[in-house]
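The values are calculated or read from the model by the stated rules, or taken from the named source; none is laboratory data. These numbers were taken from a predicted model, which means no experiment stands behind them. Here the Cβ positions follow ideal geometry from the backbone for every residue, glycine too, while neighbour counts run over all protein chains shown. Keep in mind that these areas ignore ligands, DNA and RNA; they rest on the heavy atoms of the full protein, side chains included. Shrake-Rupley method; radii C 1.70, N 1.55, O 1.52, S 1.80 Å.
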Amino acid sequence: AVSVIRLSKRKVLVQDLYCIETLARVDTICLDKTGTITEGSMEVVDVISKNDDYSIDEIVANLNDSLDESNPTGLALKEKFGKKSTFHLKEKISFSSSKKYSGGVYEEGRYLIGAPEFLWKSKIGKYKEELDKYTKDYRVLLLVKSQDKKLNKLVVIGYILLQDKIRKEAFDTLRYFKKQGVDIKIISG
């Protein structure tokens, strides 16, 4: 009972008293990343321009307006770049899990945003070393202008780096377990 009261002061809900005794014997804890350590949402961490002839802010804001994605990636892009309709949309290219990119065909050009390995396909080897710098810590989106539907002629505009938002209390929780000698294993897809 004393342990339940102590844990409740740390905002821990104990459903069964015998769990206190079991928890005292734990030497390893496995945590799921999404929703436990992270909030389940994403944020844009950095934008890397690869071509000064294009405005990443304007292109992504127009894509946000055209596509109106409500997934965590789309919401992070809207939060960073907003929505704008300065381009004249001719065709929307919706995201699909098979192609891993989306975009829009405008009078101003065909702009695509998505996973570099799917947009670049066989040409990724040329950029692999550069991308590997970023993919260790972030999810990388590639923003390109495509000259054709088959993605043979791509103009690289830039990279957008995203990461999961980490819960504010995650560091204190992990530090507490480490101080108690409990090994932490992160299990994530």
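Numerical summary
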{"read-out": "Hits in the range 100-121 (condition: in contact with a helix residue (DSSP H, G or I) (Cβ under 7 Å, 6 or more places away or on another chain), surrounded by fewer than 19 Cβ atoms within 10 Å (Cβ to Cβ) and at pLDDT below 90)", "value": "E117"}
{"read-out": "Filter pass, T34 being of a type in the set (V, I, T), within 30 Å of K179 (Cα to Cα) and open to solvent by 70 Å² or more (accessible area, probe 1.4 Å)", "value": "yes"}
{"read-out": "Considering residues of the range 151-186 that are outside any loop (DSSP other than H, G, I, E, B), charged (D, E, K, R) and within 16 Å of the chain's Cα centre (by Cα) only, the residue nearest to L131 (Cα to Cα)", "value": "D164"}
{"read-out": "Filtered residue count, the range 66-85, keeping only those that are at pLDDT 95 or above and under 19 Å from D53 (Cβ atoms)", "value": "1"}
{"read-out": "In the range 125-147, the residues that are at pLDDT below 85 and either open to solvent by less than 60 Å² (accessible area, probe 1.4 Å) or small (G, A, S) (or both)", "value": "G125, Y127"}
{"read-out": "Cβ-Cβ under 9 Å pairs, at least 6 apart or on other chains, the range 125-152 side closer than 22 Å to R110 by Cα, far side in a helix (DSSP H, G or I) and basic (K, R)", "value": "L151/K121"}
{"read-out": "Boolean, I48 is part of a strand (DSSP E or B), open to solvent by less than 60 Å² (accessible area, probe 1.4 Å), closer than 22 Å to P116 by Cα and not hydroxyl-bearing (S, T, Y)", "value": "yes"}
{"read-out": "Any pair with Cβ under 9 angstrom, 6 or more apart, that starts in the range 53-65 at a residue that is more than 14 Å from V144 (Cβ to Cβ) and open to solvent by less than 60 Å² (accessible area, probe 1.4 Å) and ends at one that is of a type in the set (F, W, Y) and in a helix (DSSP H, G or I)", "value": "A61/F81; N64/F81"}
{"read-out": "The range 103-115, residues that are over 9 Å from L63 (Cα atoms) and in contact with a Leu (Cβ under 8 Å, 6 or more places away or on another chain)", "value": "V105, Y106, G114, A115"}
{"read-out": "Of all residues in the range 173-189 being surrounded by 10 or more Cβ atoms within 10 Å (Cβ to Cβ) and not β-branched (V, I, T), the one that is nearest to G40 (Cα to Cα)", "value": "S188"}
